[in-house]
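I have placed the structure first, in the form of structure tokens, so that the comments after it can refer back to it.
The values are calculated or read from the model by the stated rules, or taken from the named source; none is laboratory data. In this text the structure is predicted, and so the values were computed from the model without any measurement. For neighbour counting, all protein chains shown are included, and Cβ atoms are generated from backbone atoms with ideal geometry for every residue, glycine included. The accessibility values were calculated without ligands, DNA or RNA, using every heavy atom of the protein model including side chains. Shrake-Rupley method; radii C 1.70, N 1.55, O 1.52, S 1.80 Å.
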Amino acid sequence: MAMLIASLGAVEAQDGSILPKHITEHPLNITVLGADAKSTLNYDEEGLPPTIILKKKITQVNKGLRYTYTLTALADISFSISKQWSMGVADPDLAQFYAPGFWYKRNTRSPEKAPSFKKAKYWSFREDRLSAPVVVGFNPEKGDWFSVSRMDVLNNDPRPSTLEGKTVTATDIGSLGFGEHTGQSIQLRGAYPFVEAPYSYQSKLDLKPAWQAFFPLSKGASVTVVWELSYGKATDFTDLVNQQWNKAFDRFDPQPIPTVKTDAEIKAILSNYFYGSYAETKDLKGFSGLWFNTETCETTGVLSVGFCGKVLANSYNLLEYGYKTQNEAHIALAKKVLASYYTNGFTENGLIRELVFGSNAETVFSLRKQSEGIKNLLFLLDYGQQSGSPRPDIEVKVEKLLLNLVDMQQADGSFPRKFDQDFDTTDPSKGSTQSIITPMVMASRFFKNPRFLKVAQKAGVYTKKNIIDKADYFSSTLDADCEDKEAAAIAAASFYHLALASESDMYDHYVALAGKAAVFGLSWYYLYDVPFDKESLLYKAGLKTRGWGNVSTENNHIDVWAFDFPHVLIWLAKEQGNTRFSQMATVIETSIKDQMLPYKGHMVGVGKVGYMPEIIQHTTWDYGANGKGFLNAHMSVGWTVASIWEVLTPGRFQRFMERHP
């Protein structure tokens, strides 16, 4: 006969009556998989299956309840449990949700082939898809929020036998769900093991059928699952994310990852990329950056200036490194690449050539790639001036390009995302506007032209009003037009740079904006270590995921995108007295530097030394091949090398500004 043992402690009732009136607790649901592995029997805690003993314990925590469920099998079974809470709202269509590193508000920026409320009104996702295992529902009309967190330590995740339908697996991974409930209410739901519904999102822009896991429990064995329900008030979505990130950070207290290699050794290893990737087109020389076969890393001959190849950034890195280490080969290679770009790297209309391979015709240019190219050209021109090798001819080209971009600024301060060779807009999306701020700030000092600073400040006004104030960070990841990490991190860096270029009356204003954007950027970075199957590459490499960032709502893998973001966090920590920022900066730096860096005796599935891999598949994700626990079969490397290099080279921007007061 089934038994229910309830240990309520300070809680007087099981019906959620101690919760605020606008939050309702619903009974635990228990599903038992039939002997045919297809049929199921459904129960709740008031009518248990005869094969299970359930012990339930509820304890009060600060503004919330912790639910502990222990299930003991009286016979061999495979089961799934889920727990639901709902919150009253006047209009469910106005409710917002937060699943860190994956879902922001309603994911309305995402296309229909990625998860959003355009496709369904309720979603459930595996916990390892989230940078912290928590999901939050928010009523912006009244400021009420409630959250559900999975509180267990997640240690095991064996590879499942199937990726859709029903599967039996002894995983620690559960799921968290959210969306509309019924009538004037929204819901949050915890499930164990995981349920991905109504679709499972396992590859880019490809929604798969629903997927439900059942945990196999042998007779006499027990398993315990713990969820915590919390609730509170927030002034807006930015305040909500700030509260939730602080709470999750304090819970996990992520610590730095012990590094094997010194920073000098890491740069020496990365420098192998410059030689292994060297390529020549009919009129350009550079470092091939895109579309490598991960296992062989054979040079593809694809030259890219901004993201993803970073030819100019890598040329600057190699040149500076060559002089610092007195390595003539480094200096000669960097100068060879730069000479070709200085001669042939601009279009007839003065745009930087962004993507060159074979007979490829360049017809579309992007604000972000042009901005990144200009930024690194200004660093190079400054370096030339300091070393007695100025290039006034290139200075003229860069200034002319900047002036042409100035003319593209809209009345509201925004810039279009993409345009053609005549500077006519081809993609009017404005979410990349913040990427132009840094080069405009640098140009105002380098060319002694205050007009460029005014453009940067005006772009900052747009970014504040339309991105930060609205908590709407999107379209900065070039291969995805959706909510993404880079929009927030680039915004934080942009306001950092504006602050350093501003008088005291605006300094604090920019510090505050950088801080708001930084939290959104940080929300994409993992605070805990997800488990991997013991036969997977990432398990064998010992990868710890804390400090690695999810990419976007379209691209659910982690990568080493950081660049100067950790430096911004350290600056903000000092300006705002926020030790969480400085601690997280150290976690990011130590975690991404050499865990997956390929070097002799530690090639981690990569074909060449120094080719920092790009697509780390940490959840049930297949960007094209291999799936969770492995690298994708193809990757773009130039930007990954540049990212780690910049992490290892703090203070560049400050030194540039000091040399050009």
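Of the residues 541, 625, 642, which single one is out of contact with any Ser or Thr (no Cβ under 7 Å at 6 or more places or on another chain) and free of Cβ contacts under 8 Å to residues at least 40 places away in the same chain?
Exactly one of 541, 625, 642 is out of contact with any Ser or Thr (no Cβ under 7 Å at 6 or more places or on another chain) and free of Cβ contacts under 8 Å to residues at least 40 places away in the same chain, namely 625.
I'd like the full set of residues that are in a loop (DSSP other than H, G, I, E, B), of a type in the set (A, V, I, L, M, F, W, C) and over 18 Å from the mean Cα position of the chain (by Cα), limited to the range 613-656.
625, 633, 648
Looking at (1) open to solvent by 50 Å² or more (accessible area, probe 1.4 Å); (2) under 17 Å from residue 26 (Cα atoms), which is the one condition that is false for residue 85?
Failed condition: (1).
Hey, can you tell me all the residues within the range 34-76 that are touching a Lys or Arg at 6+ places or on another chain (Cβ under 9 Å), open to solvent by 20 Å² or more (accessible area, probe 1.4 Å) and part of a strand (DSSP E or B)?
Result: 40, 57, 59, 60, 66, 68, 70, 72.
So which residues in the range 490-547 are open to solvent by 30 Å² or more (accessible area, probe 1.4 Å), in a helix (DSSP H, G or I), under 30 Å from residue 433 (Cα atoms) and not small (Gly, Ala, Ser), if there are any at all?
Within the range 490-547, 500, 505, 506, 507, 508, 509, 516 qualify.
Can you name the number of the only condition in (1) under 29 Å from residue 175 (Cβ atoms); (2) open to solvent by 10 Å² or more (accessible area, probe 1.4 Å) that residue 613 fails?
(2)
Of everything in the range 217-251, what is loosely packed, with under 15 Cβ neighbours inside 10 Å and in a strand (DSSP E or B)? Give them in sequence order.
Hits for the range 217-251 are 222, 224, 233.
Determine whether the range 3-17 contains at least one residue that is among the β-branched types (Val, Ile, Thr), at pLDDT 95 or above and touching a strand residue (DSSP E or B) at 6+ places or on another chain (Cβ under 8 Å).
Looking through the range 3-17, none of the residues is among the β-branched types (Val, Ile, Thr), at pLDDT 95 or above and touching a strand residue (DSSP E or B) at 6+ places or on another chain (Cβ under 8 Å).
Look at residue 424 and say whether it is more than 23 Å from the chain's Cα centre (by Cα) and surrounded by fewer than 22 Cβ atoms within 10 Å (Cβ to Cβ).
Spelling it out, residue 424 is indeed more than 23 Å from the chain's Cα centre (by Cα) and surrounded by fewer than 22 Cβ atoms within 10 Å (Cβ to Cβ).
Read through the list (1) more than 19 Å from residue 119 (Cα to Cα); (2) open to solvent by less than 10 Å² (accessible area, probe 1.4 Å), then give the number of the only condition that residue 177 fails.
Here residue 177 clears every test but (1).
State whether the residues of the range 252-266 include one that is closer than 29 Å to residue 607 by Cβ, open to solvent by less than 10 Å² (accessible area, probe 1.4 Å) and either in contact with a Ser or Thr (Cβ under 9 Å, 6 or more places away or on another chain) or not in a helix (DSSP H, G or I) (or both).
yes
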